[in-house]
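Novice: Below is the structure I would like to discuss, written out as structure tokens.
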Amino acid sequence: MSSPTIGLAGITSAQKKTLIAAAMGWALDAFDVMLYALVLAYIMRDLHMTKATAGLLGTLTLLASGIGGVIFGFIADRIGRTKALMLSILTYSVCSFASGLATSITMLAVFRFILGLGMGGEWNTGATLVAETWPTHLRAKAISIVQSSWALGYAAAALVAGLLLKEFNWRIVFFVGILPALVILWIRRSVPESEMWMARQRATLSNEGSSVGFAEIFSPKYAKNTFALLLLNFFGMFAWWGLFTWLPPYLSLPISEGGRGFSVMDSTKLLVTLNLVGMFPGYMSFGWVADKLGRRNSFILYTGCAAVLVPFYANARAPWAIMVLGTLVAFFGTGFFSGSGIIASEIYPTSIRARALGFTYPGARALSSISPFVIGYVGQRHGLSGAFYLCAVGFLLATIVGTQLPETKGKHLE
């Protein structure tokens, strides 16, 4: 009997485990990465950081994630998807804990940079593992499920931070970030390697296949798609990281400093709602929409709606308006990210898939690393509400670039 949702009849235990592993890795990645944004207002006070400096640390993390994406892409193509996935989780977990030990801005910057390496490596290894394991007709939905787990991790981080900050300081919040490392034990024991990757390795070792270099993603066959996907991700991430890195401090900072003056618990409630009612269904829905409208049209729909909504959100003053408009922005402004793993998996062959995903997604994140700094810098002078207009421009440019993507719906992986 098939599932009434995505039709799981015939899906093996191994396929389910790869989906769970990738989703848990991405959720815990979000948990550790977003802890910084959630305690940012407190760090700024204790370490005497300006908005520009605080944004710069966020920039370093994103820059490192681009480097990590490329590095872990090579690792995943060489030693396997599951080993690379475990290494990435270990990296960001340990460095999240270490962030709580920082006694200076420099120390915190170093730990956040190394954490970014693991952050960048998790996404492409997990998405590649699922893409190579799940059947064609369920691929988009499966990757959307993986992507949607980011919202769950972010919501969990907001809840944990909100509860701990009532009794403890921001350092304790970071210490909790070591817990995701425990997932490695389960992955090592229970999650199998990609059969598609292993077949490719056997063919290469027996000289039946040839080793393909990283430069292949820039060959005439793939160059246009590589740069279109890179730029779409870049503009979308510029908008997302600029908005959601600064959203927690925007809500909690006093009105006199350009914030909205929310209490810790009011901010926590709003952020949990944005994640569970906005981001989570946004991520989840993209796979279904992409199977109906196609990959390219879905990108255009989601980013276009986000571009229109952000200015209204920036001007919202009433708590109910901040809640409603924020939920809509979260739905469309994050949902489109599910499409990157879907379409990139369908564009590139197995021999270069992990490194291609590692370049076009974490690589774009590295380019977008300027966003927290830019929004913080502009927000210091013109207020965060005004700075958020730049995020609307980012979503609009992503919409325009989306028109240049190929349509890959229904494509079988090579």
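Read-outs throughout are calculated quantities, based only on the coordinates presented, and are distinct from any laboratory measurement. Because the structure is predicted, anything quoted here is derived from the model rather than measured. Cβ: placed from backbone, ideal geometry, glycine included. Neighbour counts: every protein chain shown.
Novice: Between Thr408 and residues 5 or more places away or on another chain, which pairs have amide H atoms under 5 Å apart, with H built 1.01 Å from N, and which residues are they?
Specialist: Here the answer is Arg295, Arg296, since their amide H atoms fall under 5 Å of that of Thr408.
Novice: I would also like to ask the following. So how do Glu195, Glu216 line up by other beta-carbon neighbours within 10 Å, fewest first? The partial results should precede the final answer.
Specialist: Numbers: Glu195 11, Glu216 16.
Ranking Glu195, Glu216 by Cβ neighbours within 10 Å, fewest first, gives Glu195, Glu216.
Novice: Work out how far the C-alpha atoms of the range 101-183 reach from end to end along every principal axis, then list the three figures in whole Å, largest first.
Specialist: Largest to smallest, the principal-axis extents are 49, 27, 20 Å.
Novice: Same structure, new question: Mind checking which aspartates and glutamates have their Cα closer than 12 Å to the Cα of Lys51? Skip sequence neighbours fewer than 8 apart in that chain.
Specialist: Glu257
Novice: So what are the range 232-383's ellipsoid semi-axes, whole angstrom, largest first, if each one is the square root of 5 times an eigenvalue of the alpha-carbon gyration tensor?
Specialist: Numbers: eigenvalues 179, 65, 30 Å².
After scaling each eigenvalue by five and taking roots: 30, 18, 12 Å.
Novice: Here is a follow-up. How large is the charge dipole for the chain, taken about the Cα centre, if only the Cβ atoms of Lys, Arg (+1) and Asp, Glu (-1) carry charge, to the nearest 20 debye? Show your work: numbers first, answer last.
Specialist: Details: 30 positive and 17 negative charges, 37 e Å.
The dipole of the chain has a size of about 180 debye.
Novice: Can you give the extra length, in nm with one decimal, that the chain gains between Ile105 and Met323 once fully stretched, where that is 0.36 nm per residue apart less the Cα-Cα distance? Present the calculation step by step, with values, prior to reporting the outcome.
Specialist: Working: separation 218, 0.36 × 218 = 78.48 nm, distance 3.28 nm.
That pair, Ile105 and Met323, stretches by 75.2 nm at full extension.
Novice: Starting with the fewest neighbours, write out Thr59, Thr128, Thr226 ranked by other beta-carbon atoms found within 10 Å of each beta-carbon. Provide the component values of the computation, followed by the final result.
Specialist: Values: Thr59 24, Thr128 32, Thr226 21.
Placing the least packed residue first, the sequence is Thr226, Thr59, Thr128.
Novice: For the chain, what are Rg and Dmax over the alpha carbons, in angstrom?
Specialist: 20.1, 68
Novice: Extent of the range 9-62 along each principal axis, from alpha carbon coordinates, in Å, largest to smallest?
Specialist: In descending order, the Cα extents are 56, 17, 13 Å.
Novice: Can you classify the range 36-85 as rounded, prolate or oblate using the Cα gyration tensor, where a ≥ b ≥ c are the square roots of its eigenvalues, rounded means a/c under 1.5, and otherwise it's prolate if a/b beats b/c and oblate if not?
Specialist: It comes out prolate by the Cα gyration axes.
Novice: What trypsin sites (Lys or Arg not before Pro) does the range 293-401 have in DSSP loop regions with at most 12 other beta carbons within 10 Å?
Specialist: On the way: sites: Arg295, Arg296, Arg317, Arg353, Arg355, Arg365, Arg381; in loops: Arg317.
Answer by residue number: Arg317.
Novice: A further question on this structure: Straight-line reach from Lys292: which aspartates and glutamates have Cα under 20 Å away, leaving out those fewer than 8 places along the same chain?
Specialist: Straight-line reach from Lys292, under 20 Å: Glu346, Glu407.
Novice: Quick one: length gained pulling Thr136 to Asn169 fully straight, 0.36 nm per residue minus the C-alpha distance? Walk me through the numbers before you get to the answer.
Specialist: Numbers: separation 33, 0.36 × 33 = 11.88 nm, distance 4.74 nm.
Contour length minus the Cα-Cα distance gives 7.1 nm.
Novice: For the range 305-414, state what percent of all Cα-Cα pairs lands in each successive 5 Å bin, counting from 0 Å until the bin that includes the largest distance.
Specialist: Spelled out per bin, shortest first, that is 2, 11, 16, 20, 18, 13, 9, 6, 4, 1, 0.
Novice: Show me, for the range 75-89, the HN-Hα J-couplings you get by feeding each phi into the Karplus relation (A = 6.51, B = -1.76, C = 1.60, θ = phi - 60°), rounded to Hz, glycine and proline as x.
Specialist: With the stated coefficients, the range 75-89 comes to 4, 5, 6, 8, 10, x, 6, 5, 5, 5, 4, 5, 5, 5, 5 Hz.
Novice: Within the range 112-166, list the trypsin sites (Lys or Arg not before Pro) lying in a DSSP loop whose Cβ has at most 15 other Cβ atoms in a 10 Å radius. Walk me through the intermediate numbers first.
Specialist: Working: sites: Arg112, Arg139, Lys141, Lys166; in loops: Lys166.
Qualifying residues, ordered by number: Lys166.
Novice: Given a cut-off of 23 Å, name the pairs among Lys141/Lys269; Lys141/Lys409; Lys83/Lys221; Lys221/Lys409; Lys83/Lys409; Lys141/Lys221 whose C-alpha atoms lie farther apart than that in the structure shown.
Specialist: Details: Lys141/Lys269 29 Å; Lys141/Lys409 12 Å; Lys83/Lys221 30 Å; Lys221/Lys409 18 Å; Lys83/Lys409 30 Å; Lys141/Lys221 27 Å.
Among Lys141/Lys269; Lys141/Lys409; Lys83/Lys221; Lys221/Lys409; Lys83/Lys409; Lys141/Lys221, the Cα-Cα distance tops 23 Å for Lys141/Lys269; Lys83/Lys221; Lys83/Lys409; Lys141/Lys221.
Novice: May I ask you to evaluate 6.51 cos²θ - 1.76 cosθ + 1.60, the Karplus curve with θ = phi - 60°, for each residue of the range 363-379 and list the ³J(HN,Hα) values in order in whole Hz, giving x for glycine and proline?
Specialist: Running phi through 6.51 cos²θ - 1.76 cosθ + 1.60 with θ = phi - 60° gives x, 5, 5, 5, 5, 7, 4, 6, 4, x, 5, 4, 5, x, 5, 5, x Hz.
Novice: Percent relative contact order of the chain, based on C-alpha pairs within less than 8 angstrom and at least six residues apart?
Specialist: Numbers: 814 pairs, mean separation 115.5, N = 414.
Relative contact order, the chain: 28 percent.
Novice: OK, next. Can you give the FRET efficiency for Tyr389 and Glu195, using 1/(1 + (r/R0)^6), R0 = 45 Å, r = Cβ-Cβ distance, to the nearest 0.05? If you can, show how the numbers build up before the last one.
Specialist: Working: r = 48 Å, r/R0 = 1.06.
Once the sixth-power term is evaluated, E becomes 0.40.
Novice: Quick check: the angle from helix 105-133's long axis to the longest principal axis of the chain, C-alpha only, nearest 10 degrees?
Specialist: 40
Novice: Here is a follow-up. Write down Rg/Rh for the range 347-400, rounded to two decimals, with Rg from the C-alpha atoms and Rh from the Kirkwood relation over Cα pairs. Don't skip to the answer; put the middle values down first.
Specialist: Details: Rg = 15.3 Å, Rh = 13.0 Å.
Dividing the radius of gyration by the Kirkwood radius yields 1.18.
Novice: According to the Kirkwood expression over distinct Cα-Cα pairs, how big is the hydrodynamic radius of the range 15-125, in Å?
Specialist: Working: mean 1/r = 0.0705 Å⁻¹.
About 14.2 Å, per the Kirkwood formula over Cα pairs.
Novice: With axes computed from alpha carbons, what is the tilt in degrees of helix 384-402 against the longest principal axis of the chain, rounded to the nearest 10 within 0 to 90?
Specialist: Once rounded, one gets 20 degrees.
Novice: Using Cβ contacts closer than 10 Å as the measure, can you line up Leu243, Leu325, Leu35 from fewest to most?
Specialist: Values: Leu243 29, Leu325 19, Leu35 26.
Least crowded to most crowded, the residues run Leu325, Leu35, Leu243.
Novice: What is the Å³ per residue value for the convex hull set by the Cα atoms of the range 91-231?
Specialist: Hull volume over Cα atoms, normalised by residue count, gives 177 Å³.
Novice: When the dipole is taken about the Cα centre of the range 143-206, and only Lys, Arg (+1) and Asp, Glu (-1) are charged at their Cβ, what size is it in debye, to the nearest 20?
Specialist: Values: 6 positive and 3 negative charges, 26 e Å.
Charge dipole, the range 143-206, about its Cα centre: 120 debye, nearest 20.
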